[in-house]
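> First the structure, then my questions, so here it is.
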Amino acid sequence: MAFEATKRELGELYTFFRLLADGKVSLGTPQARKVETESWPVALIQREEHDGTRRYYIEQENVRIVSGTVENDSTFTVADKEEQNIPREDFGGAAELILELLKTTAGSDMIEVPEGLEGFLDAINIYDLEAKTEDRTDFSVAFWHVEAPLTGFNVRCRLSSMNPLLDGGRTANLKLEQSGIKFATPTVNKINALPESPTEVTERMLMIERLGGVLKYSDVADRVFRCNLLMIDLHFPRMLAEMVRMMHLDGISRVSELTERIKEINPLKIKDELINKHGFYEFKMKQFLLALALGMRPAKIYNGTDSAVEGILLVNAEGEVLCYHQSERRTFADFLYLNTRFEKGSVDKDKYGFLEKENGVYYFRLNVKIGLTKK
């Protein structure tokens, strides 16, 4: 009997099968297009399953599947299970079937998996469509040779919904202090009571402004996230707050476009030479995006050391898999800068978008959420 899977689960599975079938992956450009002349050969993929670790060795015609466990010293111990040899073309056929499902199923995020694909998954003992790992990688790849160091990747598929780069919930809130005029409690209640809508945060900010209030950056709500942002630059939280504010008030969401506006406004009041010749604002934003892609989290102390995630595998709208790796740092940073946007989190869940009193002062919280664009 067929079962249902999310598009995101199938996007990860498609990427995995595509690499096993092709035995290589193309490098991506900053514009999310394929570099026609450059690809990296894939020798081995390591993936977690419900019953342990699997290694998929890509050979001339077949994929050799070996089960085992990864020890504390990262060595792989082979389990007492029979190896499987599956033709690479079978993975190619399964990948094409999944791609067709992703491209042709509109609307719902759930897709019914056909029996043929379900049978193939059963045959190769895949039951976790999204790998569950503690280090946030989706799977790891050894390029060039099976003895090469494993590289951890996150998968992002533009044919499905994508996990955000930064989704810190209420931990990723920034505090703006309300000044200019002292609001009476009934006025505050009236502002906070504006009805729920996609633009409710914007409407509250505009109402505060109309009534003579001023919202000025004050602080990062969470202590750890504050310190993480300060690792990028001591003034970066203020710059980020201005970008989120503009996202709400001006309706601009792309990171590259907001950074251009920030250059014009110059909230940090730095010299023109630093802005235009040195590209200060772009540089700081790219630093931040790279840190997010390589492991920075709002609630976890960040000390500049990258996590197990070393890159992103992006599936574009045509179904091409593009590789972005930290060793190609400039391309990776430019890709993130051109292909990310600020998003709006849930107001109720993330606890922002209202005037709240702390120690006799009213604050208005904004939430930072950043994801990859669909195109």
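The values are calculated or read from the model by the stated rules, or taken from the named source; none is laboratory data. Please read these numbers as outputs of a predicted model, since none were measured by experiment. Cβ coordinates were reconstructed from backbone atoms using ideal geometry, including for glycine residues, and neighbour counts include every protein chain displayed. All accessible areas refer to the heavy atoms of the entire protein, side chains included, with ligands and DNA or RNA removed. Shrake-Rupley method; radii C 1.70, N 1.55, O 1.52, S 1.80 Å.
> Starting from the range 277-291, keep only residues that are within 16 Å of Val309 (Cα to Cα), then list their pairs with residues that are basic (Lys, Arg) whose Cβ atoms are within a distance under 9 Å, requiring at least 6 positions of separation or different chains.
Leu290/Arg329
> Now, a different point. Among the residues of the range 290-316, which ones are open to solvent by less than 30 Å² (accessible area, probe 1.4 Å) and either in contact with a Ser or Thr (Cβ under 7 Å, 6 or more places away or on another chain) or part of a strand (DSSP E or B) (or both)? Spell out the reasoning first.
Taking the range 290-316 as the starting set, the residues that turn out to be open to solvent by less than 30 Å² (accessible area, probe 1.4 Å) are 290-296, 298, 309, 311-316.
Within the range 290-316, Leu294, Gly295, Pro298, Val309, Gly311, Ile312, Leu313, Leu314, Val315 qualify.
> Identify, by number, the condition in (1) at pLDDT 95 or above; (2) within 14 Å of Leu166 (Cβ to Cβ); (3) buried (at least 17 other Cβ atoms within 10 Å of the Cβ) that Gln287 doesn't meet.
Failed condition: (3).
> Collect the residues in the range 165-183 that are modelled with pLDDT of 90 or more and crowded, with 18+ Cβ neighbours inside 10 Å, keeping them in residue-number order.
Leu165, Leu166, Thr171, Ala172, Asn173, Leu174, Lys175, Leu176, Gln178, Phe183
> Cβ-Cβ below 8 Å, separation at least six or inter-chain, first residue in the range 250-261 and under 18 Å from Lys374 (Cβ atoms), second part of a loop (DSSP other than H, G, I, E, B) and open to solvent by 30 Å² or more (accessible area, probe 1.4 Å): which pairs?
Ser253/Glu343; Leu258/Ile252
> For the range 75-95, how many residues meet the condition of being without any contact (Cβ under 8 Å) to a residue 12 or more places away in the chain and open to solvent by 70 Å² or more (accessible area, probe 1.4 Å)?
Number satisfying all stated conditions: 2.
> May I pose another question? Name the single residue that is least open to solvent (accessible area, probe 1.4 Å) among those in the range 96-119 being under 31 Å from the mean Cα position of the chain (by Cα) and of a type in the set (Asp, Glu).
Checked the range 96-119; the qualifying residue least open to solvent (accessible area, probe 1.4 Å) is Glu118.
> Right, another one. Are there any pairs, at least 6 apart or on different chains, whose C-beta atoms fall under 7 Å, with the first in the range 10-34 and more than 12 Å from Val155 (Cα to Cα) and hydroxyl-bearing (Ser, Thr, Tyr) and the second open to solvent by 10 Å² or more (accessible area, probe 1.4 Å) and assigned to a loop (DSSP other than H, G, I, E, B), and if so, which?
Ser26/Glu320
> Among the residues that make up the range 331-349, is at least one of them over 16 Å from the mean Cα position of the chain (by Cα), in a loop (DSSP other than H, G, I, E, B) and either buried (at least 20 other Cβ atoms within 10 Å of the Cβ) or of a type in the set (Asp, Glu) (or both)? Talk me through it step by step, then tell me what you get.
Step one: filter the range 331-349 for residues over 16 Å from the mean Cα position of the chain (by Cα), giving 331, 346-349.
Checking the rest, the ones that are also in a loop (DSSP other than H, G, I, E, B) come to 346.
Next, from what is left, pick out any that are either buried (at least 20 other Cβ atoms within 10 Å of the Cβ) or of a type in the set (Asp, Glu) (or both): none.
No, there is no match, as no residue in the range 331-349 is over 16 Å from the mean Cα position of the chain (by Cα), in a loop (DSSP other than H, G, I, E, B) and either buried (at least 20 other Cβ atoms within 10 Å of the Cβ) or of a type in the set (Asp, Glu) (or both).
> Take Arg261 and tell me if it is in contact with a strand residue (DSSP E or B) (Cβ under 9 Å, 6 or more places away or on another chain), open to solvent by 20 Å² or more (accessible area, probe 1.4 Å), of a type outside the set (S, T, N, Q) and under 23 Å from Arg365 (Cα atoms).
no
> Hey, another quick one. Looking at the range 206-233, which of its residues are in a loop (DSSP other than H, G, I, E, B) and over 17 Å from Asn173 (Cα atoms)?
Result: Leu211, Gly212, Gly213, Asp233.
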